[in-house]
Each structure stands twice: as structure tokens, then as C-alpha cells.
Amino acid sequence: MTVWYTADTHFGHENIIKHCKRPFESAAQMDAVLIENLRVRVRPQDTLWFVGDFAFGPKAKDGQWLTNLFARLPGKEKHLVVGNHDGSATQQLPWTSVSQMAEIADGDGPRAVLNHYPMITWHRARKGALHLFGHVHDQWTSSKNAVNVGVDVWGYVPVTIRDIAQRAKTLPTNKHWQDVEHNAEL
């Protein structure tokens with residue numbers, strides 16, 4: 001079993017294409033590509049975490065449209081960390097869990113603290129826990145210990161903790177890290 005992470009899919013949202021310069025002609029095309037990218041990577045026994053903003057726009061208020069979309073998602077377990085665009089219809093889908101924040105022990109990789117919004121520090125940050133977030137789309141990719149898992153910075157595919165940890169090694173330390181975690185090493 002593999003655990004996969006993604007954020008800011010914004011299924012059904014026409015304006016996100018222009019806002020984030022996504023390479024799609026329409027929300028329908030974007031949705032189809034995002035679903036296909038999930039299905040190529042996520043196997044039936046895998047776990048899939050959406051770190052906020054699953055769907056947005058008028059369609060995201062249509063329970064039947066959301067139910068049909070959700071039914072197309074691969075994986076055994078599907079979790080939602082609530083983002084600012086995840087309304088009640090999205091939260092009421094048959095997720096394995098719905099939370100504002102989650103802490104994951106993911107195999108041999110580092111622990112992960114998931115919150116839709118980027119944070120400056122989090123539980124076990126001094127012990128190597130990575131913070132996985134979304135919300136900022138392509139405006140900020142990440143720092144050494146806080147990694148954006150949004151589709152806009154990962155080529156529209158979900159990623160594993162190994163992918164995330166590998167990218168984290170190449171990133172600079174957040175310039176405010178020492179302001180909140182005095183004498184902490186990364």
C-alpha cells in the first residue's frame with residue numbers, strides 16, 4: 001500500500017485555469033486529466049489524501065455531480081483535510097476521514113503534518129516532521145521542511161512522501177524558521 005498526497009485540484013472550477021495558468025481548455029478537460037493522473041498512480045489498495053480544495057465553483061454545490069466525481073477516484077481510503085473551498089457538500093462525501101489537520105506516520109518516510117494552509121511551525125517540526133500544505137497554488141513551492149503538495153507545482157499528479165522528502169532536501173530553509181524555532185536544526 002502506498003500513501004499519496006495532492007492538493008488544490010479545484011475540480012469543476014473554470015477560473016482556476018486562467019488564475020494559475022493551467023494548460024487546459026476547460027474545467028471538463030482539467031477534471032478528466034486530473035482523474036486520469038490519479039488513476040495512473042493510485043492503485044486500488046492505496047490511500048489518497050486531498051490536502052484541501054477538492055472542488056470549487058457552482059458544480060461543487062451539486063451533490064450528484066460531486067458523488068459521481070468521488071466515485072471515479074482511485075484508492076481504498078480517501079481522506080480530506082479541509083481547505084477554504086471545501087464546502088459542506090464536499091465534506092459530506094464518503095471520505096474515510098475529514099479533518100482540519102492530520103498527522104501521518106507514512107512508512108519509512110518522515111512524519112507528515114497536513115494542513116491546507118502553510119504554517120511556520122507544527123508538531124514534531126524539530127524532529128524532522130514535514131509539513132504538507134496547499135492553498136498557495138503556484139505562488140510558493142516550499143521550504144526545506146514545509147512542502148506544497150498542490151497540483152500546480154507537481155505537474156498535476158499526486159506524490160508520495162518519498163517524492164516530497166526528496167524535493168525538500170533541495171529547498172532552502174524558511175527565512176523565519178529561526179524566529180519561531182530558536183536553535184533548531186533541520
For this session: Read through the list (1) at pLDDT 90 or above; (2) under 18 Å from ARG167 (Cα atoms); (3) among the β-branched types (Val, Ile, Thr), then give the number of the only condition that THR141 fails.
Result: (1)
Problem set entry | Failed condition for GLY109, given (1) open to solvent by 70 Å² or more (accessible area, probe 1.4 Å); (2) farther than 30 Å from LYS18 by Cβ; (3) part of a loop (DSSP other than H, G, I, E, B) | (1)
Exercise. For the range 150-160, what are the residues that are farther than 15 Å from ASP106 by Cα and β-branched (Val, Ile, Thr)?
Worked result: VAL151, VAL153, VAL157
Problem set entry | Pick from the range 1-11, criterion open to solvent by 10 Å² or more (accessible area, probe 1.4 Å) and either assigned to a loop (DSSP other than H, G, I, E, B) or of a type in the set (Gly, Ala, Ser) (or both), ranking: nearest to TRP140 (Cα to Cα) | THR2
Seminar exercise, completed: Taking the range 94-106 and keeping residues part of a loop (DSSP other than H, G, I, E, B) and either open to solvent by less than 20 Å² (accessible area, probe 1.4 Å) or modelled with pLDDT under 95 (or both) leaves ALA105, ASP106
Seminar exercise, completed: Residue set VAL82, VAL153; condition in contact with a strand residue (DSSP E or B) (Cβ under 9 Å, 6 or more places away or on another chain), open to solvent by less than 20 Å² (accessible area, probe 1.4 Å) and at pLDDT 95 or above; output residue VAL82
Problem set entry | Some residue of the range 45-64 being surrounded by 13 or more Cβ atoms within 10 Å (Cβ to Cβ), touching a strand residue (DSSP E or B) at 6+ places or on another chain (Cβ under 8 Å), over 15 Å from PRO158 (Cα atoms) and at pLDDT 95 or above | yes
Exercise. On the given criteria, is ASN37 surrounded by 13 or more Cβ atoms within 10 Å (Cβ to Cβ) and among the polar types (S, T, N, Q)?
Worked result: yes
For this session: Looking only at the range 93-108, decide whether some residue is among the charged types (D, E, K, R), under 16 Å from the mean Cα position of the chain (by Cα) and under 25 Å from GLN166 (Cβ atoms).
Result: yes
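The values are calculated or read from the model by the stated rules, or taken from the named source; none is laboratory data. This is a predicted model, so every value here is computed, not measured. For neighbour counting, all protein chains shown are included, and Cβ atoms are generated from backbone atoms with ideal geometry for every residue, glycine included. SASA here: full protein model, heavy atoms, side chains in, ligands and nucleic acids out. Shrake-Rupley method; radii C 1.70, N 1.55, O 1.52, S 1.80 Å.
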